[in-house]
């Protein structure tokens, strides 16, 4: 698996097209160590990505508050969930 910044962005964008994903999932499923950096890159490229912070469990089952959950604005509009 290629792990350049551009390869990470492609993987993340493809995954975002399927639905919301949180920072822990991005790190575990997509091998992206700095999810916020890739989100920033995608936003700079013109993709409208929204962030919602809520509790989430890490890989060890420990719950953390305020974890970023990312989703594409276009999917939220399609599903009638956009509230930002």
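Points to keep in mind about this one:
- Taking each residue as 0.36 nm, the span from residue 29 to residue 44 lengthens on full extension beyond its C-alpha to C-alpha distance by 3.1 nm.
- Rel. contact order, % - alpha carbon contacts under 8 angstrom, at least six apart, segment 5-79: 34
- Computed FRET value (nearest 0.05) for residue 2 with residue 65, which takes r as the C-beta separation and R₀ as 41 Å: 0.75
- Dividing the summed -39500 (n - 2.57) terms of all DSSP H runs of n ≥ 4 by the residue count of the chain sets its mean residue ellipticity at 222 nm at -12500 deg cm²/dmol.
Here, each number is a calculation from the coordinates, and none is a lab measurement. All values derive from a computational prediction rather than experimental measurement. As a convention, Cβ positions derive from the backbone with ideal geometry for all residues, glycine included, and neighbour counts pool all protein chains shown.
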